[in-house]
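Trainee: Handing you a structure now.
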């Protein structure tokens with residue numbers, strides 16, 4: 001597709017290399033160990049993999065999500081007990 005076709009469809013043009021980064025991030029979100037993602041990417045340094053996928057950020061998001069779910073369940077239990 002040409003740049004103007006992307007614009008007409010309201011899509012951001014992405015490079016093939018962007019898909020590579022997305023696939024590495026996807027693997028990270030599915031619980032694949034950082035070292036395995038690094039090997040898959042062919043990075044010599046784990047820091048490069050962390051920079052691309054931001055695995056620490058993904059872990060914080062996962063923890064925050066879990067904390068929110070636990071909080072929601074506790075509130076639902078309290079509401080049920082008060083009924």
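The values are calculated or read from the model by the stated rules, or taken from the named source; none is laboratory data. Just so we're clear, the structure is a prediction, and the values are computed from it rather than from any experiment. Please note: Cβ atoms are built from the backbone with ideal geometry, for glycine as well, and neighbour counts cover all protein chains shown.
Residues checked against (1) touching a residue at least 60 places away in the same chain (Cβ under 8 Å); (2) surrounded by 12 or more Cβ atoms within 10 Å (Cβ to Cβ); (3) not in a helix (DSSP H, G or I):
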residue: 5; (1), (2), (3): no, no, no
residue: 19; (1), (2), (3): no, no, no
residue: 22; (1), (2), (3): no, yes, no
residue: 25; (1), (2), (3): no, yes, no
residue: 36; (1), (2), (3): no, yes, no
residue: 43; (1), (2), (3): no, yes, yes
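Trainee: Would you confirm whether any residue within segment 27-34 is in a helix (DSSP H, G or I), modelled with pLDDT of 85 or more and touching a helix residue (DSSP H, G or I) at 6+ places or on another chain (Cβ under 9 Å)?
Mentor: Yes, segment 27-34 has at least one match.
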